[in-house]
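Below is one structure, written out as structure tokens, with a few remarks after it.
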């Protein structure tokens with residue numbers, strides 16, 4: 001068969017493996033690799049890596065758990081997504097276009113917030129750190145809104161699974177860099193106690209192994225790592241402009257920006273919208289709730305920054321890449337729903353491996369196995385899930401609708417995750433990880449019901465209509 005182009009739809013027959021793999025070399029896919037890196041970088045820097053930093057600085061687990069509510073900024077991004085979808089930025093939109101101008105502005109907010117976090121010492125005052133983390137989360141959420149719309153508008157529907165796979169590859173690589181990379185940089189930037197003198201030596205002695213200067217260096221490097229994404233925005237073409245009729249008044253604008261995108265979704269799916277929204281709200285709950293306590297767990301188990309960084313950097317990268325590409329390729333050949341089911345099952349099962357690791361103690365080989373399995377499962381689940389969310393959107397409201405979906409994806413999990421530190425303090429790590437695995441069981445039932453619904457409503461294939 002001929003290689004399909006973004007303007008040529010797939011027919012009912014499956015693409016060859018060669019055609020399946022070629023899609024990853026298309027310019028739109030390669031751009032998503034870089035922009036996915038820019039999107040994935042801030043997340044761990046206000047969650048996982050920050051929790052490692054705070055735990056090492058002596059902040060208690062309960063406080064760290066509640067601080068994860070900073071992530072609720074991602075859960076409420078639908079509130080300002082209509083502005084990103086429709087509001088032009090003076091001068092910048094005229095130069096770059098609506099999508100790219102918002103992307104560049106959001107990336108600037110992330111860089112500024114990360115620099116301020118680097119200059120803030122949580123042992124002296126925690127409040128400034130919280131405000132800086134909120135600024136990063138808000139900028140990151142805004143970047144997600146604009147980037148999701150940019151991705152959806154950059155290729156046809158049948159290309160979205162492949163774009164989501166390369167996007168997820170970049171996203172997961174950024175998370176490795178923001179996690180393992182930041183830990184490795186902080187470890188390299190530490191000053192040996194034997195070389196420290198005067199005030200520095202006294203500060204190190206007073207706070208044990210914690211050195212703020214090491215984390216300051218790591219977060220400044222992370223801020224600089226946003227540069228490739230900014231350059232990609234500057235040198236990428238703006239998606240085809242969609243003309244929006246001018247609003248007659250404020251009520252007309254609000255109806256077009258807020259009401260119509262949600263009404264469109266309800267009108268297209270009717271009662272099935274309830275099941276779809278339930279799937280979106282719960283699909284990542286096992287991963288998100290568990291993830292808040294992962295780094296405090298490593299610290300409390302005696303794993304060093306170097307050990308966690310080395311295992312994540314080597315095994316995490318390999319398994320993340322494998323999971324993202326396997327998830328994208330399987331979605332192209334099998335459809336998204338079977339891969340969604342596989343990803344949900346694997347995500348819950350790998351949380352049980354963390355419960356097993358809690359019983360092993362300080363065992364680097366066990367850590368390698370658990371992190372490898374967790375990254376493979378997460379890559380598969382994420383690639384399929386993003387493809388699924390993209391398929392639900394109407395291109396006329398892509399930013400607002402996708403923001404609604406991705407907000408719902410995080411709202412419930414992030415809220416529940418805020419109590420993770422309290423749960424660990426009362427019941428221990430092993431019981432906590434087992435409980436997070438059980439949270440994934442209802443998700444399997446919801447995915448199964450959604451699959452049945454999709455099968456019942458799926459239109460006839462193109463080839464059948466032509467025969």
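Residue by residue, here is whether (1) within 19 Å of residue 274 (Cα to Cα); (2) buried (at least 16 other Cβ atoms within 10 Å of the Cβ); (3) modelled with pLDDT of 90 or more holds:
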| position | (1), (2), (3) |
| --- | --- |
| 418 | no, yes, no |
| 434 | no, yes, yes |
| 452 | yes, no, no |
| 455 | yes, no, no |
Practice item. Provide a single number: the residues in the stretch 31-67 that are outside any helix (DSSP H, G or I) and either at pLDDT below 85 or touching a strand residue (DSSP E or B) at 6+ places or on another chain (Cβ under 8 Å) (or both). Key: 1
Practice item. Determine whether residue 274 is out of contact with any strand residue (DSSP E or B) (no Cβ under 6 Å at 6 or more places or on another chain), assigned to a helix (DSSP H, G or I), modelled with pLDDT of 85 or more and more than 30 Å from residue 61 (Cα to Cα). Key: yes
**Study point:** Options 205, 214; residue that is over 30 Å from residue 111 (Cα atoms) and either modelled with pLDDT of 60 or more or assigned to a helix (DSSP H, G or I) (or both)
**Key:** 205
Exercise for review: May I ask you to verify whether residue 103 is modelled with pLDDT of 90 or more, buried (at least 24 other Cβ atoms within 10 Å of the Cβ) and farther than 21 Å from residue 189 by Cα?
Suggested key: yes
Revision key, fill the gap. The lone condition residue 238 fails out of (1) surrounded by fewer than 21 Cβ atoms within 10 Å (Cβ to Cβ); (2) modelled with pLDDT of 85 or more is (2)
Point to revise | Unique match (being touching a residue at least 12 places away in the same chain (Cβ under 8 Å) and over 20 Å from residue 417 (Cβ atoms)) among 30, 43, 50 | key: 30
Practice item. Tell me which residues, restricted to the stretch 76-107, are over 21 Å from the mean Cα position of the chain (by Cα), assigned to a loop (DSSP other than H, G, I, E, B) and over 17 Å from residue 260 (Cβ atoms). Key: 88, 89, 90, 91, 97
Review point. What number goes with the only condition from (1) surrounded by fewer than 18 Cβ atoms within 10 Å (Cβ to Cβ); (2) in a helix (DSSP H, G or I) that residue 350 does not pass?
Key: (1)
Exercise for review: Look through 337, 293 and report the one residue that is under 18 Å from the mean Cα position of the chain (by Cα) and in a helix (DSSP H, G or I).
Suggested key: 293
Check your understanding: Does residue 72 satisfy being under 15 Å from the mean Cα position of the chain (by Cα), within 30 Å of residue 425 (Cβ to Cβ) and assigned to a helix (DSSP H, G or I)?
Key -> yes
Exercise for review: For residue 328, work out the one condition from (1) closer than 30 Å to residue 57 by Cα; (2) at pLDDT below 85; (3) crowded, with 21+ Cβ neighbours inside 10 Å it doesn't fulfil.
Suggested key: (1)
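The values are calculated or read from the model by the stated rules, or taken from the named source; none is laboratory data. Since the model is a prediction, treat every value here as computed from it, not as a measurement. Note: ideal-geometry Cβ built from the backbone for every residue, glycine included; neighbour counts use all protein chains shown.
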